[in-house]
1. Return only the number of the condition from (1) part of a helix (DSSP H, G or I); (2) closer than 30 Å to Ile208 by Cα that Thr525 does not satisfy.
2. Is region 600-616 home to any residue that is surrounded by fewer than 20 Cβ atoms within 10 Å (Cβ to Cβ), of a type in the set (Ser, Thr, Tyr), at negative phi and out of contact with any strand residue (DSSP E or B) (no Cβ under 6 Å at 6 or more places or on another chain)?
3. Could you check Ile207 against (1) part of a helix (DSSP H, G or I); (2) crowded, with 18+ Cβ neighbours inside 10 Å and say which number it fails?
4. Considering only residues that are of a type in the set (Ser, Thr, Tyr) and within 22 Å of Leu488 (Cα to Cα), look in region 500-551 and name the one that is modelled with the lowest pLDDT.
5. Would you tally the residues in region 140-174 being of a type in the set (A, V, I, L, M) and in contact with a Leu (Cβ under 7 Å, 6 or more places away or on another chain)?
6. Any idea which of (1) assigned to a loop (DSSP other than H, G, I, E, B); (2) open to solvent by less than 70 Å² (accessible area, probe 1.4 Å) is the one Leu109 doesn't satisfy?
7. Restricting attention to region 40-76, which residues are open to solvent by 30 Å² or more (accessible area, probe 1.4 Å) and either under 34 Å from the mean Cα position of the chain (by Cα) or closer than 28 Å to Gly137 by Cα (or both)?
8. Determine which single condition Ser314 fails, assuming it passes every other condition in (1) touching a Leu at 6+ places or on another chain (Cβ under 8 Å); (2) among the hydroxyl-bearing types (Ser, Thr, Tyr); (3) farther than 30 Å from Lys259 by Cβ.
Amino acid sequence: MIRARLLVLLAGLLLVGARPACADDNDLNGDELKLQALGLNTDGPSLLALFKQRSRSFVPSATISALVKELGNPSAEARRKAMGELISLGPVAIPALRLASSDPDAMTLARAARRCLQAVEGEEARQISVNAVRLLGERRPEGTVDALLDYLPFVEDDDTRTEILNTLTDLAYDRNEKPNPALLQALQDSSALKRATAVEVLCASGIIEPRALLGKLMLDPKPIVRLQAALALAQVKDPKAISTLILLLAELPEEQARKAEEFLGNLAGEQAPAVSLRGDDSSRQKARDAWAHWWMASEQPNTLLDEFRKRTMSEEDRLKSAQLIADLGADDFERRESSEKTLKTMGVMVLPLLRKALKGDEDPEVRDRARRCLETIEKNQAGPLSIVYPRLVAYRRPAGAVEVLLRFLPFAEDESTILEIQHALNVNAFKEGKCDPALLAALKDKLPIRRAAAAEALAADLGKHRDELHKLLNDPVLSVRAQVALALARHQDRTAVPVLINLLAELPSEESAHAEEFLAQLARTPPTLPGGTDEAARKKRGEIWAAWWKENGEKVAMALPRIQQNRSRYLGYTLVVSTSFNQVQEIGLDGKVRWQINGLNGPLDAVVSGSNRVLIVEANTRQLTERDFKGNVLWRVDLGQNIYPIGVQKLPNNNVLVVGNNQVVIYNRQGRQVFLHNRPNSDIMNAMRTRDGHIVCVTSSGIIYRLDASGKEVKSYRYSGSSNYGIDVLSNGNVLYPVQHQNHIYEVDGNGQQVWQASVVRPLDVQRLPSGNTLVASYSPNQVVELDPKGKEVWKQTLTVQPQRIHRR
């Protein structure tokens, strides 16, 4: 802290002369230090004044000239004050400052003018705005929301805009979930930007109220406002939002229309129409019409529910099938043959049980015969249920959906499908204030998965069903207790939190991770916790959480921020980049190729960027392209010969981060560089931008370092070193990487300490999945495998090409 103060005071002396020491300097955080070094006051009213000043499109030239003249004042305090006021004015002061900066007869004034210019244009200006927005969000003086909304039209960089949206989201609702009055007023403002922003932040927390008023904005005269309203309401499964997004495909400019197309593509998955949105009117109209046809086809309720019914067994048939599968390993040959023959005639309903036997049965005879049954059934009949169907049920809400979904649930084959079914159950649980009777009955079902799913759906109306749900906190099955406790805690039931904490040591690591993520969100500032995924580490963290709850449980706010289930819903598609075959392809969980692009020129990384769109970096041609799934180039950036591109990441604001061994560059959609980090050592193996705007770089020289949003290195530490580009930076700051020659993958924490490892033959790339499992690409043999947190293989797919990089979505 002393060193930081000395640096700031030194900077102040060099620029504006000494200033009186502040009594509370020891309490200043980094944002305050940076702003105060430039002569800016950081109390709430001063920060409000800063943004009001920067929201002025015109300032009298006499005012600016007088302030510039003060930069040459003999008094250091007068110069410091003038600097602060000029920096507060922002870009309108640039012409006068530029003229003064080259005045040979006033060196003090010119030096101060040059310092002001650095602070109002370029990278430092962006960082000052981010610092000020963040501080204003902490101070929260009255008028904060209005000031930030007024400032938005003057924002030129994405980082400041993102920080403003984050701050407005934090202020959108009070503790009683009442909307901020300034945001409600902004919904009806004459400015389309304000209306669109208000919609976005009121919906970002997951509360999305007042629903009726937000719904009216889907009829707003401005397409951008309709887009924001539709994207927000689509999150709560409003079918009108989907219709609105489809209509907007033909009305919005291409870049904005892509947001609608991307949402629709994620909804439709493999059912998405094979159309590409382009800039011309004809292609946009074709896209609108194709999507409209798809959406209207989903209106038939029986068609949707029949997809579940034909894959659902009665309890009698389920028990019969389980016995037949067991008999595949019987001592009697004729019994084995008869059981296999019968199973092959049972169709798609028996597929989940056969796959379970193929993966986990100890008897090789059972596994072999189960495989043959699977091959016969899959060749002649429909495959597993597409996760698109439960998504559509959530929007369409057909009568009888809850009973059909609950009956099918035990036959769902993967976590992604189970998550989508759970979400559909949650949406369909109540109609006109009454819960579906099938949910109450399922609370006593003999299958744990049904009890847990019904309880989570009913937790939304906790007041009426508290007693029935609390009984399940003592369920004999661990997973039921965990799911019910998490659902109740998310709906502000304090009594469920100690139950959740007590389960941390008992739960499998992937389930305990979901519980700890909830606790961290609840705590805002979590206690210091030890790393590790073993039982001892989880037990220790449970003890620390229990102590935290004992101290804070009665006073912690359960209502804000709105805590929702944060597990990503994956489609189960794996993107495979093969450099040696100059190919990018995507495969499903069944191993079948969904699409493939050939004839590339040294592709080293790729990522799906939207519906029918993929970003690819090619090393041999030094280019970044966005293509449709047929390979047609939709967008191109020539990267130049100074960078050898090895990685690509699509950012939330639609910019694209490109990783080279000597550079990390961010491009906007106009192809212009908006960020550049140079690494003279040319040893970068990979880099990723994290949610907080930082960039984590992993090097081949055994160093991991973190850059802040301005590109300044803020932390570095050593690790054992990777031999591959395929590195994953996790949301908690840990790094996952493969080491080929050791046939291992490792995970290290933010200090370089190893917290996890697994054995895999010749690993090339790794990705941590939301379930806690790890996806690994390897060669000799060429394959993709999925490992559980204990390192056990739970899925494998042999490939016809050597994989360089993989990404599952």
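1. Failed condition: (1).
2. Looking for residues that are surrounded by fewer than 20 Cβ atoms within 10 Å (Cβ to Cβ), of a type in the set (Ser, Thr, Tyr), at negative phi and out of contact with any strand residue (DSSP E or B) (no Cβ under 6 Å at 6 or more places or on another chain), one finds none in region 600-616, hence no.
3. (1)
4. Of everything passing the filter in region 500-551, Ser509 is modelled with the lowest pLDDT.
5. Number satisfying all stated conditions: 7.
6. Leu109 satisfies every listed condition except (1).
7. Asn41, Asp43, Pro45, Ser46, Ala49, Lys52, Gln53, Arg56, Ser57, Phe58
8. The number of the failed condition is (1).
The values are calculated or read from the model by the stated rules, or taken from the named source; none is laboratory data. None of the values given here were measured: they were computed from a predicted structure. Ideal geometry is used to build each Cβ from the backbone, glycine not excepted, and the neighbour counts take in all protein chains shown. Only protein heavy atoms, including side chains, enter the accessible area calculation; ligands, DNA and RNA are left aside. Shrake-Rupley method; radii C 1.70, N 1.55, O 1.52, S 1.80 Å.
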